[in-house]
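Down below is the structure, laid out as structure tokens.
The values are calculated or read from the model by the stated rules, or taken from the named source; none is laboratory data. These numbers come from a predicted model, not from an experiment. Cβ: placed from backbone, ideal geometry, glycine included. Neighbour counts: every protein chain shown.
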Amino acid sequence: MTTERMSGATQGAGAVHQYLSFFLGGEEYGADILSVQEIKGWDTITRVPYSPDYILGVINLRGSIVPVVDLRVRFALANAAFDAATVIIVVHVAGTRGERVVGIVVDAVSDVYSVASESIRPPPDIMGSVDHMFVTGLADLDGKLLIILDIERLVESSVLGDGKAAA
Amino acid sequence: MSVDLEMEEILKVFFEESFEGLDTMESRLLTLGDGADRETINTIFRAAHSIKGGAGTFGFMEISEFTHSVETLLDEMRNGARGVTPDALQVLLQSVDVIRDMAQSAQAKRPIVMTGAKALSGELTRILAQKVPPAAAQTPSAAASDAAPAGASTLRASAQNAAATSVGQPKRDNAAANMSSTGPLEGWRIVFAPDVSLFKTCNDPMRILDELANLGPLEVTANVDALPLLSDLDPTQCHLSWTLSLRAAVEHARVAEVFDWVDANSKIVYEPIYASSNLSPVAPPPADPTQAAVQRTAGPSDLQVAAPNAAKSGGESGSLRVATEKIDALINLVGELVITQSMLCRFSEKYEPADVESLRRSIAQLTRNTRELQESVMQIRMLPIGFSFNRFPRLVHDLSRKLGKRVELKLSGENTELDKTVLEKIGDPLVHLVRNALDHGLESPEQRLAAGKSETGTLELNAFHEGGSIIIEVKDDGAGLRKDRILAKARERGLVDSDALLSDEQIYNLIFVAGFSTADAVSDVSGRGVGMDVVRRNINDLGGHVQIFSVQGQGSTIRIRLPLTLAILDGQVLRVGKEIYIASLVSIIETVQSTRENLSCVAGRTELFKHRADYLPVVRLHDLFGIEPDSRDITDGLLVVLEADGRRVAMLVDELLAQQQVVIKSLEANFKQVPGLAGATIHGDGTVALILDVPGLIRTFLERQTAHIGRAA
């Protein structure tokens with residue numbers, strides 16, 4: 001799963017970042033690997049009242065209470081089924097109120113890519129269902145598109161999002 | 001590097017011991033007022049001596065020198081060469097404050113401000129210069145005082161005199177000035193050293209200076225010593241301090257008012273300027289420093305009282321002093337645990353079915369060990385509430401002088417233990433309650449006599465355990481709360497409908513509403529209506545609640561109920577549909593199954609449950625939290641009667657499960673605060689269960705009710 005390879009687009013000089021890629025509704029997304037803490041199988045989630053629908057609830061991660069965001073629901077993807085490949089990626093982000101650990105539910109984890117920063121293109125203004133403010137850029141990996149997410153901003157806005165909007 | 005670190009460690013111990021020593025000095029000095037006891041003077045002397053020695057060793061010469069003169073005075077008292085006069089006691093108490101200020105500056109690695117120390121040194125020198133015969137505790141001022149009430153002893157006379165001087169109220173200014181043979185008030189010298197965070201509190205020093213200039217001719221000298229290099233300068237911080245001389249004979253209150261909004265961390269020293277003092281800093285007449293020093297303590301009490309407390313609570317959170325017995329108990333328990341563990345290990349090597357009984361025994365022992373270990377570890381965090389009570393003798397002493405009231409403070413249950421975090425957070429609310437009781441509760445001696453009570457009021461602070469909680473009571477035998485006035489004020493402010501019928505408890509609870517005050521005059525002690533709401537919020541944040549009992553003319557009791565610890569909660573596990581919640585046992589009055597006769601409905605919406613003589617609104621937890629319940633019929637489920645903030649509701653749940661102690665985990669650390677929830681905990685099977693925040697739940701419920709009514713209207 002974590003076979004590492006350099007894509008054709010990363011030949012130039014400059015910083016190379018590694019991204020963990022995962023699938024959401026058939027598209028491949030990438031998250032900065034430095035913000036990924038671990039990948040976890042499915043677990044019992046306790047629902048929290050007054051939370052938006054994309055907050056599935058909280059889990060017990062070795063004694064700390066960690067909220068779980070379903071990115072498929074967050075991005076309003078049609079099919080948010082749970083199967084054997086569905087996993088929780090545990091990320092830690094430096095939020096406005098200090099370090100925060102959050103789980104995100106994705107369809108499947110795919111690979112780890114090294115991408116040079118100059119090969120990342122800015123996202124176009126219109127990005128369909130994914131709000132472009134959460135997209136850092138688009139990377140072309142030998143003809144395959146990787147949508148790189150601003151995990152920090154995404155998590156922060158999801159977790160602190162107003163629960164009343166969904167109620 | 002490591003030497004530096006070691007030095008830091010030693011310094012830390014020095015400061016800790018110094019503050020402890022100062023606390024000892026303070027509390028003992030206060031007991032000295034009742035009669036000079038040699039051993040007590042010795043204790044005070046020893047504390048001062050160690051501070052002096054330590055300060056000298058670490059190169060805090062300012063502290064060491066000042067403490068030296070204090071020590072000299074104490075030494076003379078100790079030898080019996082000098083009697084203990086109230087005058088000297090007052091100076092010694094102020095010296096404790098000054099030393100504490102200096103030590104705090106030194107601890108924070110700030111330059112030590114000598115203003116207070118200089119003023120007091122003059123005073124100390126004056127006292128030392130007086131050759132007083134030891135037994136007859138006469139001071140010149142006492143002898144000169146004609147104002148002493150007839151029949152009062154000389155001691156009391158001088159105490160009164162000191163009180164009059166220290167009160168420093170505008171109307172007495174002249175009298176005080178005349179007594180100490182200085183001219184009339186000419187103006188004020190003010191040292192204004194704001195905290196670096198001044199700008200953050202939306203204060204503009206320019207405005208303050210302009211305001212002062214409106215009162216009269218103002219000379220301003222800015223002190224730029226604390227200014228950092230331009231490269232290090234943070235423009236959002238205030239590094240300046242000012243020395244102001246205001247040449248206008250205005251009242252102290254007028255000057256203090258200008259600084260009203262400056263926060264408590266700022267230092268403001270007011271020195272009155274008298275005509276005869278000629279404003280010359282060189283060799284001021286001996287009486288001037290008295291005024292200066294005295295005025296310092298008589299400044300706005302908010303600043304004086306709040307600042308040391310803030311510093312204290314900030315400094316306390318770092319380390320914990322634990323009694324050796326507690327550690328020993330822990331070591332014993334760990335020893336037992338190791339033995340149990342080795343017993344259990346034996347089974348993993350060789351297990352025979354016949355061993356089942358001894359395996360079971362070992363596991364039972366393990367369970368017991370774990371529980372005892374948990375209790376002992378919790379014990380480490382437990383501190384006697386005396387740590388919090390200790391500050392009150394001084395506070396009451398100062399405040400009663402200032403207010404001209406006679407108060408006897410009774411402390412009991414100082415050894416009642418509670419969690420360190422709770423202890424630290426309860427300090428400020430208690431200070432507030434005590435100040436309120438002194439200012440509003442207790443009457444002046446004249447009023448008390450007129451009401452047929454003894455001249456001296458009693459203020460009791462009492463702590464004891466009840467169930468899994470600690471109860472703290474602040475009790476005074478003053479005037480009590482005036483229900484009619486509270487109600488009238490609440491109606492005037494539109495907090496209560498004019499025709500609403502309220503129970504006593506509901507009326508008393510009105511004083512917790514933000515901005516509520518029935519005080520006719522706002523004093524600088526209390527009466528602005530700020531505070532009681534904060535008190536209640538702080539206590540609620542700790543998972544406790546406040547109750548007020550009051551009998552008009554006989555006094556009031558404020559009763560605070562707090563959980564012993566914030567880490568563990570005695571919980572009742574509840575089930576609604578498929579979801580599990582935990583409610584704190586403290587907030588549960590009882591649980592009942594309702595019959596249809598006990599239920600009624602108001603306006604087709606608000607359901608009421610008749611519980612004994614009360615009608616309680618029914619809170620459907622499933623509606624509130626959006627859960628699919630087993631049944632929506634109230635008679636099928638159970639009604640849990642909950643109480644918080646003096647309000648009761650009946651919460652509908654499907655089933656009661658176990659009662660158990662749960663470890664409280666923060667929901668906010670990774671997530672956010674959720675209305676109605678106090679936190680989360682982890683079950684034996686590893687799943688998360690949410691803990692209900694009962695006061696928050698009731699608030700959410702009421703908000704929803706009001707929203708419904710709003711929509712219907």
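List of remarks:
- Filter result for B:SER587 (more than 25 Å from B:ARG537 (Cβ to Cβ), in the same structural domain as B:VAL618 (by TED's automatic domain parsing) and among the hydroxyl-bearing types (Ser, Thr, Tyr)): no
- Condition broken by A:GLY25, with the remaining ones in (1) closer than 16 Å to A:PHE82 by Cβ; (2) touching a residue at least 24 places away in the same chain (Cβ under 8 Å); (3) within 14 Å of chain B (Cβ to nearest Cβ) satisfied: (3)
- Complete set of residues in segment B:28-54 that are modelled with pLDDT under 85 and either assigned by TED's automatic domain parsing to the domain that holds B:VAL396 or small (Gly, Ala, Ser) (or both): B:GLY33, B:GLY35, B:ALA36, B:SER50, B:GLY53, B:GLY54
- Filtering segment B:25-64 to residues that are farther than 17 Å from B:VAL13 by Cβ and surrounded by fewer than 15 Cβ atoms within 10 Å (Cβ to Cβ) leaves B:THR31, B:ASP34, B:GLY35, B:ASP37, B:ARG38, B:GLU39, B:ASN42, B:MET61.
- Test for B:ARG485: is it under 17 Å from B:ASP439 (Cβ atoms) and either among the acidic types (Asp, Glu) or touching a residue at least 12 places away in the same chain (Cβ under 8 Å) (or both): yes
- Output for segment A:72-91, where each listed residue is of a type in the set (Phe, Trp, Tyr) and exposed (fewer than 13 other Cβ atoms within 10 Å of the Cβ): A:PHE82
- Residue match in segment B:451-469 (condition: at pLDDT 85 or above, touching a helix residue (DSSP H, G or I) at 6+ places or on another chain (Cβ under 6 Å) and among the β-branched types (Val, Ile, Thr)): no
- Filtered residue count, segment B:543-564, keeping only those that are surrounded by 20 or more Cβ atoms within 10 Å (Cβ to Cβ) and either in a loop (DSSP other than H, G, I, E, B) or within 14 Å of another protein chain (Cβ to nearest Cβ) (or both): 3
- Pairs with Cβ under 7 Å, 6+ apart, first in segment B:563-585 and more than 20 Å from B:VAL641 (Cβ to Cβ) and among the polar types (S, T, N, Q), second modelled with pLDDT under 90 and assigned to a strand (DSSP E or B): B:THR565/B:ASP419
- The residues of segment B:421-479 that are in contact (Cβ under 8 Å) with a residue 60 or more places away in the chain and at positive phi amount to a single one, B:GLY467.
- Restricted to segment B:593-628, and to residues there that are among the acidic types (Asp, Glu), away from chain A (no Cβ under 14 Å) and surrounded by 12 or more Cβ atoms within 10 Å (Cβ to Cβ), the residue that is farthest from the chain's Cα centre (by Cα) is B:GLU607.
- Take the conditions (1) of a type in the set (Ser, Thr, Tyr); (2) at pLDDT 85 or above; (3) under 17 Å from B:GLY679 (Cα atoms); (4) under 22 Å from the mean Cα position of the chain (by Cα); B:SER584 misses just one of them, which is (4).
- Unmet criterion (only one of (1) at pLDDT below 80; (2) within 28 Å of B:GLU466 (Cβ to Cβ); (3) surrounded by 15 or more Cβ atoms within 10 Å (Cβ to Cβ)) for B:VAL573: (1)
- Index of the failed condition, B:VAL534 passing every other in (1) part of a strand (DSSP E or B); (2) modelled with pLDDT under 85; (3) under 30 Å from B:ASN462 (Cβ atoms): (1)
- Selected residue [within 14 Å of chain B (Cβ to nearest Cβ), small (Gly, Ala, Ser) and without any contact (Cβ under 8 Å) to a residue 40 or more places away in the chain] from A:GLY63, A:GLY103: A:GLY63
- Flag for A:VAL68 being at pLDDT 90 or above, within 14 Å of chain B (Cβ to nearest Cβ) and assigned to a strand (DSSP E or B): yes
- Here A:GLY41 does not qualify as crowded, with 20+ Cβ neighbours inside 10 Å and either more than 30 Å from B:ASP693 (Cβ to Cβ) or within 13 Å of chain B (Cβ to nearest Cβ) (or both).
- Failed condition for A:ALA94, given (1) assigned to a strand (DSSP E or B); (2) loosely packed, with under 14 Cβ neighbours inside 10 Å; (3) away from every other protein chain (no Cβ under 14 Å): (3)
- Residue list for segment B:629-683, restricted to those being away from chain A (no Cβ under 13 Å), of a type in the set (Asp, Glu) and part of a loop (DSSP other than H, G, I, E, B): B:ASP630, B:ASP633, B:ASP636, B:ASP645, B:ASP654
- Identity of the residue in segment A:44-60, more than 20 Å from B:HIS683 (Cα to Cα) and within 10 Å of chain B (Cβ to nearest Cβ), that ends up surrounded by the most Cβ atoms within 10 Å (Cβ to Cβ): A:ILE55
- When residues of segment B:684-695 are limited to those that are more than 9 Å from chain A (Cβ to nearest Cβ) and not in a strand (DSSP E or B), the one surrounded by the fewest Cβ atoms within 10 Å (Cβ to Cβ): B:GLY684
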